[in-house]
1. Just how large is the dipole of region 224-266 about the Cα centre, in debye to the nearest 20, putting +1 at every Lys and Arg Cβ and -1 at every Asp and Glu Cβ?
2. Given region 55-172, what whole percent of its Cα pairs are spread farther than 26 Å?
3. When N is the residue count of region 157-206, what does its C-alpha Rg come to as a fraction of 2.2 N^0.38 Å?
4. Order the peptides 194-200, 87-93, 229-235, 153-159 from the highest to the lowest mean number of other Cβ atoms within 10 Å of their residues.
5. Order these by the 10 Å Cβ neighbour count, fewest first: His186, His226.
6. For region 74-154, build the charge dipole from Cβ charges (+1 Lys, Arg; -1 Asp, Glu) around the Cα centre, then report which of Ile117, Val142, Pro106 sits farthest towards its positive end.
7. Arrange the peptides 273-282, 127-136 so that the one whose residues have, on average, the most other Cβ atoms within 10 Å appears first.
8. Hey, got the dipole for region 166-322? About the Cα centre, +1 on K and R Cβ, -1 on D and E Cβ, debye to the nearest 20?
Amino acid sequence: MKSDAPPIWTWKSRLRDAVLILALYLGEVGFCLSYKLYTARDCLNLGRLCVAERRGSGVMAAFLMPGSVIITDWHRSSEGKEFLSSIVRKNKRKFFGLIERPVLPPQVAADTACYKIFVSGKSSVGKTAMVAKLAGLEVPVVHHETTGIQTTTVYWPVKLRDTERAVIFKLQFWDCGEATLKKFDHILPACKEKADAILFLFSFTDRSSFDDLPNQISRVAEESEHIVKIVIGTKFDQYMHADVTERDLAEFQRTWRLPLLRMKSVNGPRLSDGQTLDGRAGLADVSHVLNGLAEHLWHQDQLMAGLVVPAIQAPKEDSLYL
Ligand SMILES: Nc1nc2c(ncn2[C@@H]2O[C@H](COP(=O)(O)OP(=O)(O)OP(=O)(O)O)[C@@H](O)[C@H]2O)c(=O)[nH]1
Ligand SMILES: [Mg+2]
């Protein structure tokens, strides 16, 4: 039977359909390809972002070269000594009450920057001893477990490298006995609340405290983005009996990319009365730690304010604060 209706399949329509199918097929392939490329690029970017995030604000931190933010030996200059006289008088460290603070002559006025610092580490690693040494207090020779939280304020004047401005750092250390921390669940959140820095302590004479660092960092630094994280090796004066080698430290820094400081928390020389600790000598022993801390705190503030970009560098041998 013949029909007047135009045939459904003509060579023209077949050609058109073939072209259409080919175009669709190519388009599909193109779409798939571009989709795959897009997702691959995205994954790459995501990976980069994650790495930057982890390095810049998460567990891994930006690594600063000592002296890149502040002038490290400024406290030895005549101008620095003038500022230092606000925290040392007649070679004695000054101690400040709750509503007191260092007083400077009007012509050398400086801003004060306040920070909360949580000191973390296994029992007897030297947390209380370190804070005492930084504050110019008598370092306890025997270990007495810290019960509860002990806060100590330390003032430290620094000169910023870029603006040449002097700033007084008010560092409030939160030291908590490890036993208390484990016993009461509310202590760790209280110590971490609004903290600007966490110091992870290990002892050079206690290998287990060093091996425990990764565990400690991930436990304590959890959800602590934008907080400065610094590792401090204590009992460095006992170097001859060290259980942790320089190689271990280099390996650790390669993996974790965290700043590392060394601390000798032992009482320094005393003044002529044979009793009072020599404040200037005590500060000279700890200036590298106070400078390192101040430098990272200031840099973190600048990062948060978007004034600088994260400086991710590989730690170098000479980039250790000694
Ligand atoms: N030689 C030397 N001894 C240190 C140093 N740091 C701490 N110590 C000694 O190690 C012991 C324990 O130090 P603490 O500071 O009390 O330990 P902690 O970490 O506060 O311990 P908990 O409060 O129990 O968590 C004390 O006898 C200190 O004198 C150091 O740098 N050098
Ligand atoms: Mg203690």
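What follows is calculated from the coordinates using simple rules that are stated; it is not laboratory data. Everything numeric in this text was worked out from a predicted model, so none of it was measured. With ideal geometry, Cβ positions are generated from the backbone for all residues, glycine too; neighbour counts draw on all protein chains shown.
1. 100
2. Result: 32 percent of Cα pairs exceed 26 Å.
3. 1.64
4. 229-235, 153-159, 194-200, 87-93
5. His186, His226
6. Farthest towards the positive pole: Val142.
7. 127-136, 273-282
8. Charge dipole of region 166-322: 100 debye, to the nearest 20.
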